[in-house]
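A short write-up of the structure that comes next.
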Amino acid sequence: MKRNRRRALLVTTAIAILSLGTAVVVQAAAVPKAGSGAGGCFDPAAFGAVPDDGADDRAPVQAAIDAASDAGGGTVCLGSGRWRVSRAPAGSYDRFAALSTHGAHVTITGTGPGSVLELVGDQQAAAVAVLSLDPGASDITVQRLRIDTSAATGTDEQTHAIAIGSGVCTTANGTCSMPVTDVTVRTSSSPTRRLPARARATASACSATRPPPRSSA
């Protein structure tokens, strides 16, 4: 039965939906490289995002994540405010998420509960994640922010805050044979949550299944 999932999720625990056989292991993180923003951050504002303006910030936030990944690692800094993100459009690497990465050594951080990633738009009763860590992703940290799906419409029970091991991959970069490794989800005051291999962690807005692997090739 299809149901709307409308919850504001404070990222205090590991929220993970794992594909069968995906290994998720927490290890010591590498030191990320610096971006051009304040404090060395990759700032979505530098790519055109403006929190609290009611516009869709998906493309600039995704651009900041991609820039950090392309640099070999870095920190994407989300300031206080509501950052509205819609489902990625057709032709995107991961059409089943608003934001995604298959890169390495990337930290996505807010300033605390005041930094909100807000899913918006009609999901047309299809599976969606606000943030998807796709095969190949490694040494990823998500911290000090909230994920809110309450503004999204047309959602079903496959509406996820964070999906780890989505099954979205491509033969062009070899990610279809790669696991997701070294994932940390935390707040500034909570201890690191360790995700054992092939473990499943679910929250009220996340279910324990994912669509089958999809190749973009």
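The values are calculated or read from the model by the stated rules, or taken from the named source; none is laboratory data. In this text, all values refer to a predicted model and were calculated from it rather than measured experimentally. Here the Cβ positions follow ideal geometry from the backbone for every residue, glycine too, while neighbour counts run over all protein chains shown. Each accessible area value is taken on the protein alone, full model and side chains, heavy atoms only, with ligands, DNA and RNA left out. Shrake-Rupley method; radii C 1.70, N 1.55, O 1.52, S 1.80 Å.
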Quick test of your reading of the structure: A88 fulfils all but one of (1) in contact with a Gly (Cβ under 9 Å, 6 or more places away or on another chain); (2) surrounded by fewer than 22 Cβ atoms within 10 Å (Cβ to Cβ). Name the failing condition by number.
(1)
Determine whether the range 112-125 contains at least one residue that is within 13 Å of the chain's Cα centre (by Cα), crowded, with 23+ Cβ neighbours inside 10 Å and in a loop (DSSP other than H, G, I, E, B).
no
Output yes when any residue across the range 32-52 is at pLDDT 95 or above, farther than 15 Å from I108 by Cβ, under 18 Å from the mean Cα position of the chain (by Cα) and among the small types (G, A, S), and no when none is.
no
Total residues in the range 153-167, condition open to solvent by 10 Å² or more (accessible area, probe 1.4 Å) and modelled with pLDDT of 95 or more:
2
On the basis of being assigned to a loop (DSSP other than H, G, I, E, B) and over 14 Å from A151 (Cβ atoms), does S92 make the cut?
yes
Result of the Cβ filter at 6 Å on the range 99-114, keeping first residues that are farther than 26 Å from N173 by Cβ and partners that are open to solvent by less than 10 Å² (accessible area, probe 1.4 Å) and not polar (S, T, N, Q), at least 6 apart or interchain, is G110/L78; G110/L145
If you scan the range 137-152, which residues turn out to be open to solvent by 10 Å² or more (accessible area, probe 1.4 Å) and either outside any strand (DSSP E or B) or free of Cβ contacts under 8 Å to residues at least 40 places away in the same chain (or both)?
R144, S150, A151
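Do we have H105 as modelled with pLDDT of 95 or more, touching a Cys at 6+ places or on another chain (Cβ under 8 Å) and either outside any loop (DSSP other than H, G, I, E, B) or within 19 Å of A46 (Cα to Cα) (or both) here?
Numbers: modelled with pLDDT of 95 or more: yes; touching a Cys at 6+ places or on another chain (Cβ under 8 Å): no; either outside any loop (DSSP other than H, G, I, E, B) or within 19 Å of A46 (Cα to Cα) (or both): yes.
Considered against the rule, which asks whether it is modelled with pLDDT of 95 or more, touching a Cys at 6+ places or on another chain (Cβ under 8 Å) and either outside any loop (DSSP other than H, G, I, E, B) or within 19 Å of A46 (Cα to Cα) (or both), H105 comes out as no.
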Within the range 110-140, residues under 16 Å from D57 (Cα atoms), of a type in the set (V, I, T) and touching a Ser or Thr at 6+ places or on another chain (Cβ under 8 Å) come out as V120, V130
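G136: modelled with pLDDT of 95 or more, on the phi > 0 side of the Ramachandran plot and in contact with a helix residue (DSSP H, G or I) (Cβ under 6 Å, 6 or more places away or on another chain), yes or no?
Details: modelled with pLDDT of 95 or more: yes; on the phi > 0 side of the Ramachandran plot: yes; in contact with a helix residue (DSSP H, G or I) (Cβ under 6 Å, 6 or more places away or on another chain): yes.
In short, yes.
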What's the number of the only condition in (1) over 16 Å from A64 (Cα atoms); (2) touching an Asp or Glu at 6+ places or on another chain (Cβ under 6 Å) that H105 fails to meet?
(1)
Go through the range 153-165 and report how many residues are in a strand (DSSP E or B) and of a type outside the set (A, V, I, L, M).
3
